[in-house]
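Below is one structure, written out as structure tokens, with a few remarks after it.
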Amino acid sequence: MRKIILILGIMIAVAVVIGTLWNPNQQQVMEYPLNGIKKKFLVAKTAEEWKKGLMDYRQLDGVDGMIFIFPQAELRTFWNKNTYLDLQIYWLRNHQIIGQSFLPSIERSKEYIYVRSPGPVDTVIEEAKK
């Protein structure tokens, strides 16, 4: 009986680990106050996550968008390639919003749209518009 329980426990642990590894969209989520309201954002903090952003998402479950955290403030450009959500972009430097842009979905615009930060930024928030 103990062997069966041990084997079942190991199988469950392996299933959890495999399930986690096989979920490519599993990303860290953080709460961040935006315009005085705490919202939840997927966190993009690596070059790969910065490049992908919210590409290929058609809906967001349990989060409001994505926050991009960069190591230094620079001019940033975002575009809507394979982006199926309308996005409100917030450009931040030292946790202060210095500008906003609207980035329509590729389905709405029918062409690539590029938006650029109004100055060097170290954080960018993409908030999905409903």
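Each value in this text was obtained by applying a stated rule to the coordinates, not by laboratory testing. The structure displayed is predicted, hence computed values, not measured ones. For neighbour counting, all protein chains shown are included, and Cβ atoms are generated from backbone atoms with ideal geometry for every residue, glycine included.
Once you have the Cα-Cα distance between Leu75 and Glu48, take 0.36 nm times their residue separation minus that, and quote the gain in nm to one decimal.
7.9 nm
How much length is gained if the chain between Lys3 and Val29 is pulled fully straight, taking 0.36 nm per residue apart and subtracting their Cα-Cα distance, in nm to one decimal?
5.6 nm
How far apart, in nanometres, would the label points at Gln88 and Arg58 be if each is projected 7 angstrom from Cα along the Cα-to-Cβ direction?
Calculated label separation equals 2.5 nm.
Around Trp79, under 15 Å between beta carbons, what's the net of Lys plus Arg minus Asp minus Glu among the other residues?
Combined, the nearby Lys, Arg, Asp and Glu give +2.
What distance in nm separates the two pseudo spin-label positions at Lys38 and Lys110, each 7 Å out from Cα along the beta-carbon direction?
Spacing of the two 7 Å Cα→Cβ label points: 4.4 nm.
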